[in-house]
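Peer 1: One structure follows; several queries about it will come next.
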Amino acid sequence: MNLAKFEKPKPGHDFIGTWHIYEMEQWDEGYFNMEVQAYIEVRPDNLGNFQFGLVSGSLDGYMEDGSGKGRFVYTWEGRDEMDPMTGSGWMKLKGKSEVVGLIKLHLGDRSGFKARRAV
């Protein structure tokens, strides 16, 4: 049985930075901006943080196709209020300063979202 060598994802793609969520399919602005301006942050090491409403956590992602231009796919762990939670999601560029994506709570809700690059 051949095993492929795992290569750590390479940084330097267009998703690095902080993205302010301005629309979610499942929740209105009153909820997703309840505590802070809803956001997703991606650092150069492909790790990051996010919060919307009472859901927050850290993410671990990679470029799906390796080119730096496809989807940024991630898993996450964190909390929904006081309950431990995990999930997954993805983001895709829609112009230089806007993304569309999906965030999923494991065994729970999922929502599409739109976000703009923070300035």
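What follows is calculated from the coordinates using simple rules that are stated; it is not laboratory data. Note that the structure is predicted; figures quoted are calculated from it, not measured. Here Cβ is always computed from backbone atoms with ideal geometry, including for glycine, and neighbour counts include all displayed protein chains.
Peer 1: Mind running the shape call on the chain? Use the C-alpha gyration tensor, a ≥ b ≥ c as the square roots of the eigenvalues: rounded below 1.5 for a/c, prolate if a/b tops b/c, oblate otherwise.
Peer 2: Since a/c reaches 1.5 but b/c is at least a/b, the shape of the chain is classed as oblate.
Peer 1: Right, here's the next one. Count the lysine pairs in the chain that are 8 or more places apart or on different chains: how many have C-alpha atoms under 12 angstrom apart?
Peer 2: Total qualifying Lys-Lys pairs in the chain comes to 5.
Peer 1: Follow-up question, since we're still on this one. If I take R0 = 22 Å and measure r between the Cβ atoms of Lys96 and Glu29 in this structure, what FRET efficiency does the formula 1/(1 + (r/R0)^6) give, to the nearest 0.05?
Peer 2: 0.35
Peer 1: Ignoring the sites themselves, what is the longest stretch of the chain with no GluC sites (Glu not before Pro) in a DSSP loop and at most 14 other beta-carbon atoms within 10 Å?
Peer 2: Here the longest run is 82-119.
Peer 1: Calculate the dipole size of the range 17-117 relative to its Cα centre from +1 charges on Lys and Arg beta carbons and -1 charges on Asp and Glu beta carbons; express the result in debye to the nearest 20.
Peer 2: 580 debye
Peer 1: Putting +1 on Lys and Arg Cβ atoms and -1 on Asp and Glu Cβ atoms, find which of Met34, Trp90, Met63 reaches farthest to the positive end of the dipole of the range 17-117.
Peer 2: Farthest towards the positive end: Met63.
Peer 1: Next up: Can you give the FRET efficiency for Arg117 and Glu81, using 1/(1 + (r/R0)^6), R0 = 30 Å, r = Cβ-Cβ distance, to the nearest 0.05?
Peer 2: Taking R0 as 30 Å, the efficiency between Arg117 and Glu81 is 0.55.
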